[in-house]
Amino acid sequence: MPRFGMVIDTRKCVGCMDCVVACQTENDVPNGYCRDWITTEVRGDYPTLALEIRSERCNHCDNPPCVSCCPTGASHVEEFGKTVQVTKEKCIGCKACIASCPYGARYVHPKGYIDKCTFCDHRTREGLDPACVSVCPTHCMHFGDLDDPKSKVSELLRTEKYHTIMPEAGTKPRVFYLI
Amino acid sequence: MDRSAYARRDSPWFWLLVAAGALLTLVGLLAAHAMEVEGHVITGMNNQIVWGLPHVFAIFLIVAASGVLNVASIGSVFGQAAYKPWAPLSGLLCLALLLGGLLVLLLDLGRPERLVVAATHYNFTSVFAWNVLLYSGMFALVAGYLWTLLERRWQPYAGALGLAAFVWRLVLTTGTGSIFAFLVARSAYGTALLAPLFIVLSLSWGLAVFLLAQAALDAWNHRPLPPDLCRRLRRLLGLFLAGGLLLTAVQHLTSAYFARQLALERFLLQDGGPYPLLFWLGYVALGGLLPLLLLFHPRAGGPRALLAAALLTLAGAFAWLYAFIIGGQAWPLDIFPGYAVRSSFADGAIATYTPRLPELLLGLGGLGAAFLVTLVGVRVLPFLPPAEPAPTTPAAVTAAAK
């Protein structure tokens, strides 16, 4: 079984939010909510400033605190792709996973269950990329099997400099940012 | 049949109080219905502050439920016979508060109709699932314990069940504190001190609830606490209050010792708007130091001072919980230290929270349910101490409390 991950080149991301719109359209995300979003970070003082634009979402961590805290097992690691998914029918809406997620990647759907990025599970099972990856105009987003040394994501992580969000949380996130 | 251990049936206040409790519970249920139909969007809760005012009420009720069993535990576990007549009332209050707290928690769920899922699917790595077991276990143990207290044939088992309930309530409060302590994503909570802190706070909050409930029932049913017991409970409340203040101070000092936590501590204790105000004025001054003064000042002793101290303890409890639960979530996650963050998802921003009416009503509904259960309980079953040990005059109580 693959172990999916995402690599995002922050040097190419222009913050156009096409990924956000594509996700909302593809997954019927209700108005006012989002499964992915754009973050702009500035560091330093003028004139030595650094800017990073990132497309963020659920990190589908290898060690997901949202899964270990879910009282009913609704949040779980899916066998296919080792992605973190929520079974709507088992979710009681206790919000424990939202409080546990260091990345703020989850929200309460108006219907009461917890929703988040699925890495477009319905598309990846068909061999397609997630909607956000497929629409990115600068091709800064890459998706694939991290366990496959021949995949594009593995190649990028071997050859490029990257970081992840809050690695000190010990969650082992699987969305990587090239810097 | 000796009816002295029942609440008096001829009191004109009884039905009025039952109606008030039922109305409060009904209003809470209607508020929960509104939140269910309209969604959480009608509450002040958001993606960062996911636990709001209802959780302040719920955690208070659950933690106090554990502590209110003090009187029964002292009687059964530590063999202090003077407390034993009040053990059934202590147990009843525990069940009532637990019920009220769980009602609020349940009705605040995004999908409360799926409670059966929580009861049939357990993820044993989840501290929330542990607490589901701890709460149900507490119900069963305290109900069994009450049975042994009220049914003569089962009284030989009262000691064993009392001990089990005592241990269980310590574990339960540890579990409630651990809900917060295990949250990797909220830097305000990540400390093992929360478990003992919750235990100590539960002891003071529960004892305060017991003293107020006993005083109300005394006014209604003329069953005053003996002066000696008053004096002991006064000292105990003071001890628990001081313990809570000490552990809270240690918690904040430990956190502030870590340089990366300084900004958070400054937010919680100095710059955070309502949260420092609630902490210092609500919890430390009004809910901690003033009750201590009322309990131990040579000129302030007496039953009224004891009740005032209990009331202030409860006010301090709500102030502390609000500052702890809401303030702790309001502080943003420091995803990349040193970066100025701007995003379409409110990263890096201090979250704002304004409680809305349905949340307040749901919380009050939990209090109403606990009140109603207690009221009906003392009416239909002999939870009150029999008339014989009620020994004293108001003057004697005053003298003893001093």
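No value in this document is a laboratory result; all are computed from the given coordinates. The structure presented is a predicted model; accordingly, all values stated were derived computationally and were not measured. So basically every Cβ, Gly included, is an ideal-geometry build from the backbone, and we count neighbours across all protein chains shown.
What does the helix-only formula give at 222 nm for the protein assembly as shown: each DSSP H stretch with n ≥ 4 adding -39500 (n - 2.57), the total divided by the residues, and the result rounded to the nearest 500 deg cm²/dmol?
Value at 222 nm, helices only: -16500 deg cm²/dmol.
Using Cα positions and a limit of under 26 Å, work out the lysines in reach of residue A:90, with same-chain residues fewer than 8 apart set aside.
Here the lysines satisfying the reach criterion relative to residue A:90 are A:82, A:111, A:116, A:172.
Cut-off under 29 Å on the C-alpha distance; same-chain residues fewer than 8 positions from residue B:84 excluded. Which lysines are left, in chain and number order?
In chain and number order, the partners are B:402.
Projecting each Cα onto the charge dipole of the range A:4-178 (Lys/Arg +1, Asp/Glu -1 at the beta carbon, about the Cα centre), which of A:48, A:73, A:85 comes out farthest on the positive side?
Checking the options against the dipole of the range A:4-178, the answer is A:73.
What average count of beta carbons from other chains do you get within 10 Å of the Cβ of residues in A:101-107? Before the final figure, lay out the partial values.
Working: counts 5, 7, 5, 11, 2, 2, 5.
Mean number of neighbouring Cβ atoms from other chains: 5.
Return, for the Cα atoms of chain A, the radius of gyration and Dmax in Å, separated by a comma.
For chain A, the Cα-based Rg and Dmax read 16.0, 53 Å.
What whole-number distance in Å separates the alpha-carbon centres of the range A:107-171 and the range B:41-61?
The range A:107-171 and the range B:41-61 have Cα centres separated by 32 Å.
Where does helix A:18-27 land angle-wise versus the long Cα axis of chain A, in degrees 0 to 90, nearest 10?
20 degrees
Would you list A:163, A:139 from fewest to most Cβ contacts within 10 Å? Numbers along the way, then the final one.
Working: A:163 13, A:139 9.
With the fewest neighbours first, A:163, A:139 line up as A:139, A:163.
What percent does the relative contact order of the range B:41-180 come to when contacts are Cα pairs within less than 8 Å and at least six residues apart?
Numbers: 149 pairs, mean separation 38.5, N = 140.
Over the range B:41-180, the number comes to 27 percent.
So what's the Cα pair-distance distribution over the protein assembly as shown, bin width 20 Å, in %?
20, 48, 24, 8, 0
Quick one: net charge around residue B:34, please, counting Lys, Arg +1 and Asp, Glu -1 for every other residue with C-beta under 14 Å from its C-beta.
On the way: positive: B:356; negative: B:36, B:38, B:108, B:359.
Result for the neighbourhood of residue B:34: -3.
Where does each of A:25, A:164, B:173 land when they are ranked from fewest to most other beta-carbon atoms within 10 angstrom? Present the calculation step by step, with values, prior to reporting the outcome.
Numbers: A:25 11, A:164 15, B:173 26.
Listing A:25, A:164, B:173 from fewest to most nearby Cβ atoms yields A:25, A:164, B:173.
Please compute the Kirkwood hydrodynamic radius of chain B from all pairs of different C-alpha atoms, in Å with one decimal.
On the way: mean 1/r = 0.0454 Å⁻¹.
Radius from the Kirkwood sum: 22.0 Å.
Rounded, prolate or oblate for the range B:1-138? Axes are the square roots of the Cα gyration tensor eigenvalues, ordered a ≥ b ≥ c, and the cut-off for rounded is a/c under 1.5. Present the calculation step by step, with values, prior to reporting the outcome.
Details: a/c = 2.57, a/b = 1.44, b/c = 1.79.
Oblate, since a/c reaches 1.5 and b/c is not below a/b.
For B:176, A:87, what ranking results if the residue with the fewest other Cβ atoms within 10 Å of its Cβ goes first?
Working: B:176 27, A:87 16.
Ordered from fewest to most neighbouring Cβ atoms within 10 Å, B:176, A:87 come out as A:87, B:176.
Rank B:202, B:136, B:255 by mean-square fluctuation in a GNM of chain B with C-alpha springs under 10 angstrom and give only the top-ranked residue.
B:136
Find how many whole Å separate the alpha carbon centroid of the range A:10-48 from the alpha carbon centroid of the range B:66-140.
For the range B:66-140 versus the range A:10-48, the Cα centre distance is 44 Å.
Could you order peptides B:183-189, B:127-133 by the average number of other Cβ atoms within 10 Å of their residues, highest first? Walk me through the numbers before you get to the answer.
Numbers: B:183-189: 21.3, B:127-133: 19.7.
Those peptides, ordered most packed to least, come out B:183-189, B:127-133.
Pick from B:272, B:316, B:328 the residue whose mean-square fluctuation is largest in a GNM of chain B, springs joining Cα atoms under 10 Å.
Sorting by GNM fluctuation, first place goes to B:272.
Can you compute 3J(HN,Hα) from phi for each residue in the range B:315-323, using the Karplus curve 6.51 cos²θ - 1.76 cosθ + 1.60 with θ = phi - 60°, rounded to whole Hz and x for Gly and Pro?
4, x, 4, 5, 5, 5, 5, 5, 5
Residue A:114's amide H: which non-local residues (gap 5+, or another chain) put their own amide H closer than 5 Å, with H modeled 1.01 Å from N in plane and none for Pro or chain starts?
Correct list: A:93, A:109.
Taking the Cβ of residue B:242 as the centre, find all other residues whose Cβ is under 14 Å away and add up their charges (Lys, Arg: +1; Asp, Glu: -1).
Working: positive: B:234, B:235; negative: none.
Here the charged neighbours net out to +2.
Would you mind giving the mean number of other chain beta-carbons within 10 Å of the Cβ of each residue in A:34-43, as a whole number? Before the final figure, lay out each step's value.
Working: counts 3, 0, 2, 5, 4, 10, 7, 10, 4, 6.
If you average over the peptide's residues, the count of other-chain Cβ atoms is 5.
What order, most packed first, do the peptides B:32-38, A:35-41 have when packing is the mean number of other Cβ atoms within 10 Å of each residue?
Descending mean neighbour count gives A:35-41, B:32-38.
From the phi of every residue in the range B:136-151, what ³J(HN,Hα) in whole Hz does the Karplus formula 6.51 cos²θ - 1.76 cosθ + 1.60 yield, where θ is phi - 60° and glycine or proline is x?
So the J values, rounded to whole Hz, are 5, x, 5, 4, 4, 5, 5, 4, x, 4, 4, 4, 5, 6, 8, 9.
Taking θ = phi - 60°, what integer Hz values does the Karplus form 6.51 cos²θ - 1.76 cosθ + 1.60 yield along the range B:366-381, in sequence order, with x for Gly and Pro?
Those phi angles translate into x, 4, x, 5, 5, 4, 5, 4, 4, 4, 5, x, 6, 7, 9, 10 Hz.
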